[in-house]
Every structure is written in structure tokens, then in C-alpha cells.
1. What is the distance, in nm, between label points placed 7 Å from the Cα along the Cα-to-Cβ direction at Leu3 and at Met244?
2. Report the net charge of residues surrounding Pro158, where surrounding means a beta-carbon distance below 14 angstrom and charges are Lys +1, Arg +1, Asp -1, Glu -1.
3. Give, in nm to one decimal, the length gained when the segment between Lys206 and Gln29 is fully stretched (0.36 nm per residue of separation minus the Cα-Cα distance).
4. Share of segment 184-237's accessible area from carbon and sulfur, percent, 1.4 Å?
5. Give me, ordered by chain and number, the residues 5 or more places off Gly212 or on other chains with an amide H under 5 Å from its own placed amide H.
6. Enumerate the amide H contacts of Val24 below 5 Å, restricted to partners 5 or more residues apart or on another chain; note that Pro and chain-start residues carry no placed amide H.
7. Remind me, relative contact order of segment 184-238 in percent, using alpha carbon pairs under 8 angstrom and six or more residues apart?
8. Simple spin-label model, 7 Å along Cα-to-Cβ: Arg275 to Thr37 in nm?
Amino acid sequence: EVLANIFPPFWRCKSEVALADGKVLIDGQPQEELQKTYAQMKEQSAKPMKGYPKGAKSCPGSRPSQKVATGRKNKPSKKFGKQTLDFDSGQEDVYSDDDWTESEEAQPGKPDTPDKSDTKTRPTQPGASFCVKVSNATEMNVTVHRCELLWKFVEGLPDKSNAMQQLQDLPCIPVLSSAQVRLMSCQGAHRQHLLSLEDYTAEEVKLLSCLGCFLARPTKKLRTFLGIERASALNALPKAVERMGPSGNSVTPNMPGMRMFLGMKDLRLDIERARPLQRLVVSILRSAK
């Protein structure tokens, strides 16, 4: 119920939600298209199957539930001298006057009315009919703030709870280093190698942000769940370079020892970013030893 009041239903199983030019993009596609597709799929699932009566309880092709007659006949009981009833024979029931009690007699002038307790309607769930809408920058910022509060709430839950499993396919991790307002799911963060701001200095954070790496402030449980550490930058940098696109020709093995670089693309960086990047990689490699 809490998640239904924060995220739209068609956000589930998505990797990334970003705000670009005042429009909400889900995995690079406009949100309106995915919303229409979700509404159409929901309408089709609500329609009954062809050739099957609406409101029927059994499944198509299944045999109707019927009482099978065993073929036994009713015989008078010698002990009690009354006729007994075999319920499997399909005959009507036989009642005796001794079975009637005064409590079962109908009271005149008072029609039979159903119990009021049975006619009470159940309270509707908060997320049953309410659909959250995130269509502009203000609503997106509110959703990001709710995600931050959600992770603080999850951090206080016991370790045996299944909160992480319920959140792993929802874009609920606020990315702070991106120029756009962005939310990522646990699966998307693991695929893009999300980094933590607390593991790097201000200069290193600025460098990684310029290169296109995604950084956030994960909680302890999220850090453990995703396996985030300082050395994760070595895996995040190649992903960032791939998002930047090809920047040069393929390396050809024209010199001895260049065979190991076959198929790789050279990346041109200015000296202001190349030297800090070199120092960052060297420091990570030294600390790993």
C-alpha cells in the first residue's frame, strides 16, 4: 500500500526514470506511451475469454462440479424404524415434526431481514483505486524526496524483512551526480555500477560526474545489497565511456605488444581530466593491494 502511493504502477520492472526538458522519460521512452500500453493491457486482462460465460467460477474446459450418485438405495432402518436418507442418491430430504423447535418458528409481522453485519462494505485500500501521477518537475522532486524517506524507513527494518526484494525492480534510488533528476532501480544500479559519494573526495566526485558516472548516497543495507565500494569505480568508468559513444578509430596492432588492445577504442581526454583520472585509478589499485 505504501509503494502504491509513491510510484505509478507502470514504473515496476523499469531500470531508470529521468526528467529531461520537463518530460518524464522511462528507460529513454516518454512516460505517456508506456502509460497507454499499460492501460490497454489492463483492459484486455479484464475482458472475459471468448466462448466462456462472464462471471463463471470454474475454468474453461474443466468439468462442472456435480454430485456423483453411488447407486445405493434408501432402506428403512430396523433399529429406529424411520426412513433414513442417503445424500448421494439425489432424493429429497425427509424431515420429522420432532425436529422443529420453537426458536425456528417465524415471528408474525417481522419480515426476514439480512444481518447488518454482512451488508457492511469493506474499507477500500489506499492503493486500490488511487494512481500516483508524476508528470512534471515538481512532482518528480516530491517523488525523489519520498524515496529518500523510504530508504530511511527501510534502514530501520529488521534484516529478516523482505523490503529489499520488493524494491529491487522499482526505480527508487535517487542519483545525485546526474545533471537531470534521475531515479534508478536496484537492478539498474547494479548494471551501471552505482557509486557512493562518501567513498571519494570532492575533486574525485567532480571528475566522476564529468565522466558520466552515477553517484548516490546509499544506506548501509543498500550498499551491502549492491556491493558498493571504492573499487567499484574501475567497473563504472568503462560503462561511462560506453555512454559517451565512440570517440575515435579502433586500435590496430601496428606495434609490438598492441595485440591486447585489438578492437578497443581510444578515448581523447583533456589534460585537466586525464591526470586526476590517472591519480584516482592508481590510488584505487594501491588500496586494493
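1. Spacing of the two 7 Å Cα→Cβ label points: 3.7 nm.
2. +1
3. Here the segment from Lys206 to Gln29 would lengthen by 60.9 nm.
4. 52
5. none
6. Gln31
7. With pairs under 8 Å counted, the relative contact order is 50 percent.
8. With each label placed 7 Å out from Cα toward Cβ, I get 4.8 nm.
The values are calculated or read from the model by the stated rules, or taken from the named source; none is laboratory data. Everything numeric here is computed off the predicted structure, so don't read it as measured data. Here the Cβ is made from the backbone with ideal geometry for all residues, glycine too, and neighbour counts use every protein chain on show. When the accessible area is computed, the model is the full protein with side chains, heavy atoms only, and any ligands, DNA or RNA have been set aside. Shrake-Rupley method; radii C 1.70, N 1.55, O 1.52, S 1.80 Å.
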